[in-house]
Amino acid sequence: MTDLLLRNGRPWTPGLPLDLADIAITDGRIAAVGPDLDLEAPQVIDLEGAIVLPGLVDAHCHLDKTMFGGPWTPNTGGRTLEGRIRNGEGRRAELGIPSADYAANLLRAMVAAGTSFVRSHIDIDPEVGLGGVAAVREAAARLAGRVDVELVAFPQGGLLTRPGVPALLEAALADGVGTVGGLDPAGFDRDPAGQLDLLFDLAERHGAKIDVHLHDQGLLGAWEYELIIERTKALGMAGRVAISHAYAMGGLEPDHQRRIAEALADAGVAMITCAVGGAPVVPVRLMAETGARLAIGNDGIRDLWTPYGDGDMLRRINQVSFRDRLMSDPEIELALAAGTHGGAAVLGLDGYGLAVGCNADLFAVTASAPAEAVVSVPPRRLVVKRGAVVAHDGVFTD
Ligand SMILES: [Zn+2]
């Protein structure tokens, strides 16, 4: 018995033709895809030729930091990493963050824009403890069935240089947080081997994944990639380790860049880019050519770090594509693949995509081609999560 029948969509899977097809959904899964399906359903929606994309994956954001939907808060972060960290911690209590309400506001906006999966870093430090974990878990529970949220225990204020943080990370992992984060092992903690050994030890003992914020530029950043790659291979953690931001990658000499991308592919280490600020994005074409995994995320949204952001992953894919000068349709589709299938691989999602048997997590946009959807960022006409319509014409359905 078909629950939901989407007529006349054009489902997109990287590398396959974009043909007109109906999509039948049963028990939250895609049961059939093909032209003129001879089926009936209690809910039938004519997509009138709209492109159907798998649910967007925001592989890097900070739900615990956001003030989304709250009053406008002028940015007081300053321009240095350390100053922004101090500002971010110092004004939390005054502004009522972390807040389950703000996080839920943002998750609703993300769902309305077609996002089905989110990985959120959560600050862990002696002042907030695991308060951010609790707030974001509450928000995720309110949005259960509409979006899936994965948490990262993130030492935003330093790990080795901040007494008490290693024990708090351990407590977060023991409490069920599935991924442990790091922060500039050299540039911030000034002990790259020390921080990475601690992270990999925590991950190994708790069966956790790893996602390290790495802003360090130039050869220092590139050397840290090698340290992460070495440890991933030594511990057999292929597919479970990601480097977020990886600002150094975009600025390396082409030969060096290629060697790193090949080593990432070989070790199963992913990069996650957010097109933040003036730093180069991770080169999308090179990652695809070498088979290295790349995902995309929004990073901070309307928080003490940045006044910008709206949670729309399609717009973020557009920004990555623009910043990386992707011009031809196949190039632009590489960015779209990073924001969908790439993110799904990094999060380790099963049953992702638009093939028969996959979970029915998808959205539809009116565009002539996938690249036009990335460039024009059209309104999302329909968003479906596990077979249920969760947004219509850009509006979240309660
Ligand atoms: Zn971040």
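Couple of notes before you dig in:
- Shown for M327, M313: other C-beta atoms within 10 Å of each C-beta, ranked fewest to most, produce the order M327, M313.
- Counting other Cβ atoms within 10 Å as a rough exposure proxy, the listed residues T290, T115 run T290, T115 from fewest neighbours to most.
- Taking amide H as placed 1.01 Å from N in the peptide plane, G182 has its amide H under 5 Å from the amide H of D211, V212, H213, each at least 5 places away in sequence or on another chain.
- Sequence of W305, W72, W223 once ranked by neighbouring C-beta atoms within 10 Å, starting from the fewest: W72, W223, W305
- Measuring nothing but how far apart in sequence close Cα pairs (under 8 Å, 6+ apart) lie, relative to its length, the stretch 304-386 scores a relative contact order of 28 percent.
- Residue of A134, A371, A113 that the Gaussian network model of the chain assigns the largest fluctuation, springs spanning Cα pairs under 10 Å: A134
- Distance from the C-alpha centroid of the stretch 350-398 to that of the stretch 213-262: 32 Å, rounded to the whole angstrom.
- Mean separation of Cα contacts under 8 Å (6+ apart) over length of the chain, as relative contact order %: 20 percent
- Cα centroid separation - the stretch 151-185 against the stretch 72-150, whole Å: 16 Å
- For the chain, a Gaussian network of Cα nodes joined below 10 Å ranks V165, V52, V269 by mean-square fluctuation, and the top entry is V165.
- FRET efficiency for A193 and A141, using Cβ-Cβ distance with R0 set to 41 Å, rounded to 0.05: 0.60
- Neighbour net charge for G158 - beta-carbon separation under 12 angstrom, K R +1, D E -1: -4
- Cα-centre dipole for the stretch 16-152 with unit charges at Cβ (Lys and Arg positive, Asp and Glu negative), debye to 20: 860 debye
- Compared with the dominant principal axis of the Cα atoms in the chain, helix 218-234 is inclined by about 80°.
- Extending 7 Å from Cα along the Cβ direction at D46 and again at R258 yields two label points whose distance is 5.2 nm.
- Projected label distance in nm at E204 and L20, using a 7 Å step from Cα toward the beta-carbon: 5.8 nm
- Here the Karplus relation 6.51 cos²θ - 1.76 cosθ + 1.60, evaluated at θ = phi - 60°, turns the backbone of the stretch 126-133 into coupling constants of x, 6, 8, x, 9, x, x, 4 Hz, with x for every Gly and Pro.
- Share of Cα-Cα pairs in the stretch 160-297 lying beyond 24 Å, as whole percent: 25 percent
- Take the Cα of N75, step 7 Å toward its Cβ, do the same at T366, and the gap between the two points is 3.4 nm.
- For the stretch 143-186, averaging the sequence separation of C-alpha pairs within contact (under 8 Å, six or more residues apart) and dividing by the residue count gives a relative contact order of 49 percent.
- Helix 192-206 axis, angle to the chain major axis (alpha carbon atoms, nearest 10°): 50 degrees
- Extension gain from L160 to A234, taking 0.36 nm per residue of separation minus the Cα-Cα distance: 24.4 nm
- A full extension of the chain between A167 and D38 corresponds to an added length of 40.6 nm, given 0.36 nm per residue minus the alpha carbon distance.
- 5 angstrom amide H check on F396, placed H, neighbours 5+ away: none
- Rh by Kirkwood over Cα pairs, then Stokes-Einstein D for the chain at 1.567 mPa s and 4 °C, µm²/s: 61 µm²/s
- Phi-based couplings in Hz for the stretch 298-303 (Karplus 6.51, -1.76, 1.60; Gly and Pro marked x): 7, 6, x, 9, 6, 9
- The magnitude of the dipole of the chain, with charges of +1 and -1 set on the Cβ of Lys/Arg and Asp/Glu and taken from the Cα centre, is near 520 debye.
- Alpha-carbon geometry of the stretch 41-124: the Rg and the Dmax are 17.4, 57 Å, given in that order.
- For the stretch 92-190, the C-alpha radius of gyration divided by 2.2 N^0.38 Å, with N the number of residues, is 1.12.
- Overall form of the stretch 282-331 per C-alpha gyration tensor (a/c, 1.5; a/b vs b/c): prolate
- If only the Cβ of Lys and Arg carry +1 and only the Cβ of Asp and Glu carry -1, the dipole of the stretch 244-352 around its Cα centre is close to 180 debye.
- When shorter helices are ignored and each DSSP H run of at least 4 residues is given -39500 (n - 2.57), the per-residue value for the chain at 222 nm works out to -10000 deg cm²/dmol.
- For A32, the residues whose amide H sits under 5 Å from its own are A24, ignoring neighbours fewer than 5 places away on the same chain, with H placed 1.01 Å from N.
- Sequentially through the stretch 270-275, phi angles give Karplus couplings (6.51, -1.76, 1.60; θ = phi - 60°) of 9, 10, 10, 10, 10, 6 Hz, Gly and Pro residues having no value and appearing as x.
FYI, it's all coordinate maths here, none of it is from the lab. This is a predicted model, so every value here is computed, not measured. Counting neighbours? That spans all protein chains shown, and the Cβs are built from the backbone with ideal geometry, glycine included.
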